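Q: Dumping the structure here so I can ask a few things about it.
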Amino acid sequence: VENVFRLQVMNTAEEVRRFSIAVGGLPGIALASEGVVEVGPATARSVSARVRVPPDAGGRGSHPIRFVVKAL
């Protein structure tokens, strides 16, 4: 199963910064797109995050997941 999410990553610093993106919340969940993003000074960047989960990971229905974005 694959879904695409749009994340807005904001850099409030006065220099270019790199951020790591990770996903969690279900067994076997993984980010299938770029895991590191660079954002210019005092700007925001829209990032597509493609997430894959094994078909048997959560059963039917919706399940919460979480994205973790950290400055490197």
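The values are calculated or read from the model by the stated rules, or taken from the named source; none is laboratory data. Please read these numbers as outputs of a predicted model, since none were measured by experiment. Backbone-built Cβ (ideal geometry, glycine too); neighbour counts: all protein chains shown.
Q: Could you please give the count of residues in segment 42-64 that are in contact with a Ser or Thr (Cβ under 9 Å, 6 or more places away or on another chain) and loosely packed, with under 12 Cβ neighbours inside 10 Å? Step through it out loud before you land on a result.
A: Kept after step one, since they are in contact with a Ser or Thr (Cβ under 9 Å, 6 or more places away or on another chain), are these residues of segment 42-64: 42, 47-51.
In the following step, the residues that additionally are loosely packed, with under 12 Cβ neighbours inside 10 Å were identified as 42, 48.
Selection size over segment 42-64: 2.
Q: Just give me the residues in segment 34-61 being free of Cβ contacts under 8 Å to residues at least 24 places away in the same chain and either of a type in the set (A, V, I, L, M) or in contact with a strand residue (DSSP E or B) (Cβ under 7 Å, 6 or more places away or on another chain) (or both), in sequence order.
A: Residues of segment 34-61 that are free of Cβ contacts under 8 Å to residues at least 24 places away in the same chain, as a first pass: 34-35, 38, 56, 59-61.
Within segment 34-61, G35, E38 meet the criteria.
Q: Restricting to segment 20-38, name every residue that is more than 11 Å from R50 (Cα to Cα) and hydroxyl-bearing (S, T, Y).
A: Answer for segment 20-38, where residues must be more than 11 Å from R50 (Cα to Cα) and hydroxyl-bearing (S, T, Y): just S20.
Q: What about S20, is it loosely packed, with under 11 Cβ neighbours inside 10 Å, touching a residue at least 12 places away in the same chain (Cβ under 8 Å) and either of a type outside the set (D, E, K, R) or farther than 13 Å from E2 by Cα (or both)?
A: No, not satisfied.
Q: Here is a further query. Quick one: what pairs do we get from segment 1-14, first residue over 19 Å from S33 (Cα atoms), second in a loop (DSSP other than H, G, I, E, B), C-beta under 8 Å, 6+ apart or different chains?
A: N11/G40; N11/P41; N11/A42; T12/A42; A13/P41; A13/A42; E14/P41; E14/A42
Q: Next up: Output the number of residues of segment 1-31 satisfying the condition of being assigned to a loop (DSSP other than H, G, I, E, B), at pLDDT 95 or above and of a type in the set (A, V, I, L, M).
A: Of the residues in that region, 3 qualify.
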